[in-house]
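Structure first, commentary second.
Derivation of every value follows stated rules applied to the coordinates shown; laboratory data play no part. Note that the structure is predicted; figures quoted are calculated from it, not measured. Note that we place each Cβ from the backbone using ideal geometry, even for glycine, and neighbour counts take in every protein chain shown.
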């Protein structure tokens, strides 16, 4: 089992719709969870971080964490073509030291 | 937020040569830095953890004699790909943990990456 799993996609949504990205992780002791956005040929940039169960909202982005299910998700409201990118789920291991990335989900927002 | 730079941003070299990539934390000190490698359409794979003043810690399957890491100061880590071969062509990205301005938990700040092409 991979440590961090994501559906590779591509996920295609129309402009203005909600995009839902999902991620599961295997290390039950993980404490820190991140969503990064990566454009082709560029380095990842941090979108959201979440540390406790529940929802965390920041503008059009909402991160959801369920530690019991070892599940973290990212919702993007009012999706824009500029949101088209690969979204990487990242989890810091229980030692709090290393960050492990999922394979990423490619998102396409159609104008 | 915290800024991490990498140099060079891209490099093309002949097979058998060595290439050095620098990673600098510009406005904060980093006792630890991480080196990742990313092949096309794949995720970031952690190669090693660079520790200031001590030996790097390599992930399983990464050859420490091929990928030399030196963390000589609190703001600089270097990765040297020795005797590079075409299969080493990849996007190399470094990161450093820094404290988020909005909270108390560290996050990873990434450099812009270095694209290595070995002919």
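Working from label points 7 Å from Cα in the Cα-to-Cβ sense, the residue B:119 to residue B:59 distance is 3.0 nm.
With the simple model of a label 7 Å out from the Cα in the direction of the Cβ, residue B:20 to residue B:87 spans 2.7 nm. In the elastic network of chain A, a GNM with C-alpha springs shorter than 10 Å, the most mobile of A:56, A:42, A:67 is A:42. The relative contact order of chain A, computed from alpha carbon pairs under 8 Å that lie at least 6 residues apart in sequence, is 38 percent. Enumerate the residues in segment A:69-111 having an amide nitrogen under 11 Å from the point lying 7 Å beyond the Cα of residue A:42 toward its Cβ. So the set is A:82-86. Look at the stretch A:31-44: the mean tally of other chain Cβ atoms within 10 Å of its residues' Cβ atoms is 4.
A simple spin-label model places pseudo-atoms 7 Å from Cα toward Cβ; at residue A:78 and residue B:68 they are separated by 5.4 nm. Computed over chain B with a Gaussian network model linking Cα atoms closer than 10 Å, the most mobile of B:75, B:32, B:107 is B:107. For residue A:60 and residue B:27, the FRET efficiency from 1/(1 + (r/R0)^6), where r spans their Cβ atoms and R0 equals 30 Å, is about 0.60.
Going from the residue with the fewest nearby Cβ atoms within 10 Å to the one with the most, B:54, B:25, B:89 rank B:54, B:89, B:25. Per residue of peptide B:51-60, the mean number of Cβ atoms on other chains within 10 Å of the residue Cβ is 0.
What residue among A:73, A:20, A:43 has the largest mean-square fluctuation in a Gaussian network model of chain A, using Cα springs under 10 Å? Result: A:43 has the largest fluctuation of those listed. With contacts taken as Cα pairs under 8 Å and at least 6 residues apart, chain B reaches a relative contact order of 35 percent. At an R0 of 35 angstrom, the distance between the Cβ atoms of residue A:68 and residue A:108 translates into a FRET efficiency of 0.65. For peptide B:23-32, the mean count of partner chain Cβ atoms within 10 Å of a residue's Cβ comes to 0.
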